[in-house]
Amino acid sequence: MLAYLPRPPTDTSRYGTFPQKPNLPAAPGALGEDGGQQAAATTAKRSAPMPNYPSAPRHSGFVPGDPSLLPSRGSLTTQHHRGHPSWCPPPAPQEAGARLYPLHALSVANIPNSSHGKASARSSTIPTPEGLQSRRCKLLEEDSPMVQASKRQRQRYVTKVGKCQVNLGNIQDKKRFLSDIFTTIVDLKYRWFLFVFMMCYVITWLVFGFIYFFDAWVRGDVGHQGDPEWQACIENVDGFVSALLLSVESQRTIGYGTRMVTANCAEGVILLIAQSIVGSMIDAMMVGCMFVKISRPKKRAQTLIFSKNCVISRRDEKLCLMFRVGDLRESHMVDAKIRAKLIKSRQTAEGEFIPLEQSELNLGYDTGEDRLFLVEPQIICHVINRHSPFWDMSAESLRREQFEIIIILEGIVEATGMTCQARTSYTEDEILWGYRFEPCMSLEKGAFQVDYSRFEMTFEVQTPAASAKELHELKELEQQEHSTLSLYWDHLLQPC
């Protein structure tokens, strides 16, 4: 339940994107052995687990005056995939004045304390050894939020292929499943379904075979085999095996002609009628279950694909959350509709803890954009406005959040007329800030060609790292300044 609570706030100065010059002392030096131990202790203290309390996000990388200089998530993602962080000190020696450090590089303690100040003072003029420099780089790399996010293992609510990871337990009233036996059989896995399919026939054959044998034994037909004067009720039944063969021949309407029920007994005729009715019911139910299970629209959902990542970028001067959907078949989905749910735990003002709360993400329900004509891959857009749960979320606070977005695509299969549902999910680690999807359609030989090899491709665009709320407030502030300047200019132009 605690998997979707917001992450504890960390030092926001560690997430600086652009390198800056630190205020180094006049005699810059390196860390000695004591300084290295102190750096390791500080790093271990900073990476220790903290209470999972929700808190307001802190935006240290936001510059109100110039939104174009705001850092983007794309640069961090690109550096992370290269395998070596750009903020690690280079191995080659450089001048202290020309070396640039990121903001979070100053979080490692390099100022001597009172306990070992003399040793640090003596080593202030000694250049930094390469081993200690690589050790410091390794500590910073292990403490990177990107590495921590990749190492963190979380339980997903819905897998990427659409399977819900929820197990139902302690169900007391299980007789409800027997009241809907058809759906229960259809929902079984194939191995259990085939087992039930075979056992329905085998059990009925055995039961009616035993009844045939018991009737023939009671009437004496078994002991008078070969007697031409004996009027048998069931002919040519001399044991259980022959009675079982009679049961199979009667239910499957094979009729070889050697074993049969005669008119010398009424119970044999009633038994044959009962087996014929039971066999017809089993045929209707089992064949119907087999047909429904084979033609279930769940298999049609395998050809409905979603992009592996979500992207956040600006579209029409609005910050938007976007993902891509596509249909691999030429037979299209009829009346396709798409929905999105945000799964996130929260605590109310009264102290009530709501685990895995579901909230709706507007994908154009009021404008009809959620109803798709899914012929080619389409990019679904969620506008981050004041009604969106991502209204006050920035690129920095996105790293501390823990949530899951469930995408549900529903439609009618054109071939069978059944309703199909395809699902997928996106966690906060699968959202790329400052990216956009590449186009995958082109015009070739009088028709539009879809290249599904470019379905997952994205490219980085210039996107402010501030939240949509901050961008909206900045825009309103600029409009107020512009209107104030216009009024002042109009007042100067008026004659005295």
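The values are calculated or read from the model by the stated rules, or taken from the named source; none is laboratory data. This is a predicted model, so every value here is computed, not measured. Cβ placement follows ideal geometry from the backbone for every residue including glycine, while neighbour counts extend to all protein chains displayed. To get the accessible areas, we keep the full protein, side chains included, count just its heavy atoms, and leave off ligands, DNA and RNA. Shrake-Rupley method; radii C 1.70, N 1.55, O 1.52, S 1.80 Å.
Here are some notes:
- Computed lengthening from Glu357 to Asn167, 0.36 nm per intervening residue step minus Cα-Cα distance: 66.7 nm
- What the Cα convex hull of region 186-295 gives, in volume per residue, is 96 Å³.
- ³J(HN,Hα) computed for each position of region 421-427 - Karplus, 6.51 cos²θ - 1.76 cosθ + 1.60, integer Hz, glycine/proline x: 9, 10, 10, 7, 8, 9, 9
- The H on the amide N of Val375, modeled in the peptide plane, is under 5 Å from the matching H of no residue at least 5 residues off or on a different chain.
- Computed as a quarter of the hull surface, the mean projected area of the alpha carbon convex hull for region 262-359 stands at 15.6 nm².
- Per-selection Rg to Rh, region 246-307 - Cα, Kirkwood hydrodynamic radius: 1.36
- Taking amide H positions as modeled 1.01 Å from N, with prolines and chain starts lacking one, the residues under 5 Å from Tyr435 and 5 or more places away or on another chain are Ile312, Val461.
- Rounded percent of accessible protein surface that carbon and sulfur make up, region 186-295, 1.4 Å probe: 71
- Approximate shape of region 349-415 as ellipsoid semi-axes (Cα gyration tensor, √5λ), whole Å, largest first: 29, 16, 13
- Relative packing of peptides 232-240, 183-191 - highest average C-beta neighbours within 10 Å first: 232-240, 183-191
- In this structure region 186-295 gives 61 Å² per residue of accessible area when probed at 1.4 Å with all protein chains present.
- Surface exposure of region 361-482, expressed per residue as accessible area with a 1.4 Å probe, stands at 51 Å².
- Charge dipole (Cα centre; +1 on Lys/Arg Cβ, -1 on Asp/Glu Cβ; no other charges) of region 186-295 amounts to roughly 660 debye.
- For region 300-473, the fraction of 1.4 Å probe accessible surface lying on carbon and sulfur atoms is 48 percent.
- Computed extension length for Arg346-Trp217: 39.1 nm, one decimal, from 0.36 nm per residue of separation with the Cα-Cα distance subtracted.
- Vicinal HN-Hα couplings computed from phi for region 263-280 (Karplus, 6.51 cos²θ - 1.76 cosθ + 1.60; Hz; Gly/Pro x): 8, 7, 9, 6, 5, x, 5, 5, 5, 5, 5, 4, 5, 5, 5, 4, x, 5
- Per-pair calculated FRET efficiency, R0 = 30 Å: Arg156 and Cys381 via Cβ, rounded to 0.05: 0.80
- Cβ-derived FRET efficiency at R0 45 Å, Met418 paired with Ala266, nearest 0.05: 0.40
- Using the Cβ-Cβ distance between Trp230 and Met199 with R0 set to 35 Å, the FRET efficiency works out to roughly 0.40.
- 3J(HN,Hα) couplings calculated from phi for region 446-454 with the Karplus curve 6.51 cos²θ - 1.76 cosθ + 1.60 (θ = phi - 60°) are, in sequence order, x, 9, 7, 9, 9, 9, 6, 6, 9 Hz; Gly and Pro show x.
- Candidate residues Glu401, Glu376: accessible-area rank, largest first, probe 1.4 Å: Glu376, Glu401
- Residues listed by number, region 184-202, amide nitrogen under 19 Å from Asp283 label point at 7 Å toward C-beta: 197-202
- As a ratio to 2.2 N^0.38 Å, the alpha-carbon radius of gyration computed for region 300-473 takes the value 1.11.
- Dipole of region 157-298, positive direction: furthest Cα of Tyr157, Thr183, Leu246, with charges on the beta-carbon: Tyr157
- Here the average projected area of the convex hull drawn through the C-alpha atoms of region 333-385 stands at 5.2 nm².
- Region 341-363 and region 255-333 have Cα centres separated by 36 Å.
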